[in-house]
1. Just to confirm my filter: which helices (runs of 4 or more DSSP H) fall fully inside segment 3-88 and include at least 2 residues that are more than 26 Å from G103 (Cβ to Cβ) and touching a Cys at 6+ places or on another chain (Cβ under 8 Å)?
2. Exactly one condition in (1) of a type outside the set (K, R); (2) buried (at least 16 other Cβ atoms within 10 Å of the Cβ); (3) within 25 Å of C189 (Cβ to Cβ); (4) not assigned by TED's automatic domain parsing to the domain that holds V188 is false for V35; which is it?
3. Look through N147, N175 and report the one residue that is surrounded by fewer than 20 Cβ atoms within 10 Å (Cβ to Cβ), outside the structural domain of R95 (by TED's automatic domain parsing) and either within 16 Å of A7 (Cβ to Cβ) or in contact with a strand residue (DSSP E or B) (Cβ under 8 Å, 6 or more places away or on another chain) (or both).
4. Run M1 past the list (1) closer than 19 Å to D139 by Cβ; (2) modelled with pLDDT under 95 and report the number of the one that doesn't hold.
5. Can you tell me which residue is farthest from D129 (Cα to Cα) among those in segment 181-206 that are in a loop (DSSP other than H, G, I, E, B) and among the small types (G, A, S)?
6. Somewhere in segment 78-93, is a residue within 15 Å of W31 (Cβ to Cβ) and without any contact (Cβ under 8 Å) to a residue 40 or more places away in the chain?
7. Which of the numbered conditions does A46 fail, given that it passes all the others? Conditions: (1) closer than 14 Å to L25 by Cβ; (2) crowded, with 17+ Cβ neighbours inside 10 Å; (3) among the aliphatic types (A, V, I, L, M).
8. I'm checking my understanding of the structure. Among residues of segment 155-172 that are among the aliphatic types (A, V, I, L, M) and out of contact with any Ser or Thr (no Cβ under 6 Å at 6 or more places or on another chain), which one is surrounded by the fewest Cβ atoms within 10 Å (Cβ to Cβ)?
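The values are calculated or read from the model by the stated rules, or taken from the named source; none is laboratory data. Since this is a predicted model, take the numbers as computed values, not measurements. Here the Cβ positions follow ideal geometry from the backbone for every residue, glycine too, while neighbour counts run over all protein chains shown.
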Amino acid sequence: MDKKELAGIVIERLKKEYPGAECTLDYDEAWKLLVSVRLAAQCTDARVNVVVEDLYAKFPDVNALAAAEPDEIEEIVKPCGLGHSKARDISACMRVLRDKYEGKVPTTFDELLALPGVGRKSANLIMGDVFGKPAIVTDTHCIRLTNRIGLVDGIKDPKKVEMALWKIIPPEEGNDFCHRLVLHGREVCTARTKPYCDRCCLADVCREHTEKK
C-alpha cells in the first residue's frame, strides 16, 4: 500500500477512536490562541490553560496586553517556562496586532508567520482552528507518530514533515487529523514510555509495530 492509501486508513481509524478531536488549549478569541500556543512551547496545555486565566484577569484584551511591559507579562507566565522569551514575544505580537491590525488577528498564513514568536506550527493552528482553513500542525506528537506509522520516512524537521503530509493528507482532513494524533500520542503511542501497541487501533498498519514482528 502506498502512503496515500495508508493515510486514508489512519485518518478513518483515528476518527472512530477520537470523534471529538479539537484543540486542547482553551480560548474564546483568536488572539488568546496566539498567546496560548506561544506559552505551550515546552509546556503542557493543561498548565497553559491555568496560567492564562491570571494573565487575562489582569490584561483582558489585546490593547491591555500590548500596553503591558514584558516583565509584567513574564511575572505571570513564568510557570510555563522560558518566561522571558515568551513574554517578550507575546508583548511584541500584541503590539503588532494593535498597531497594524486594529487589534484583530490577520487571516492569511504569511501575515501570521510574520508576527513575533509565531512559527509554522502556530500559524497552521490558527488557520485551522480559528479560520477553518486547511492546516497541518507538525508538533512533536505529529512528527513522532507519522514516522512510526510510516507516513513519512525518518523526517524530523517540522517543515519537511508538514510538506510531506500535504502530499498525502486531504486538505480538509489535515487540521482534525493532527489533533487526533496529539490525543493518540498522549494516550497510546507515547514518547516517554513504550507505546501501548496492544491497544492501538493502528497496530496492524503501523510500520514500526509490524517490522518488530
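1. Values: elements: 3-17, 30-39, 45-58, 62-67, 70-77.
Hits in segment 3-88: 3-17.
2. Of the numbered conditions (1) of a type outside the set (K, R); (2) buried (at least 16 other Cβ atoms within 10 Å of the Cβ); (3) within 25 Å of C189 (Cβ to Cβ); (4) not assigned by TED's automatic domain parsing to the domain that holds V188, the odd one out for V35 is (3).
3. Details: N175 fails: surrounded by fewer than 20 Cβ atoms within 10 Å (Cβ to Cβ).
So the residue among N147, N175 that is surrounded by fewer than 20 Cβ atoms within 10 Å (Cβ to Cβ), outside the structural domain of R95 (by TED's automatic domain parsing) and either within 16 Å of A7 (Cβ to Cβ) or in contact with a strand residue (DSSP E or B) (Cβ under 8 Å, 6 or more places away or on another chain) (or both) is N147.
4. Going through the list (1) closer than 19 Å to D139 by Cβ; (2) modelled with pLDDT under 95, M1 breaks only (1).
5. Residues of segment 181-206 that are in a loop (DSSP other than H, G, I, E, B), as a first pass: 188-196, 200-206.
Checking which are among the small types (G, A, S) leaves us with 191, 203.
Details: A191: 25, A203: 29 Å.
Result: A203.
6. Yes - at least one qualifying residue is present in segment 78-93.
7. The one condition A46 does not meet is (2).
8. Start the filter on segment 155-172 by keeping residues that are among the aliphatic types (A, V, I, L, M), which leaves 155, 161, 163-165, 168-169.
If we keep only those that are out of contact with any Ser or Thr (no Cβ under 6 Å at 6 or more places or on another chain) too, we end up with 155, 163-165, 168-169.
Numbers: I155: 18, M163: 14, A164: 19, L165: 21, I168: 18, I169: 24.
For segment 155-172, the residue satisfying everything is M163.
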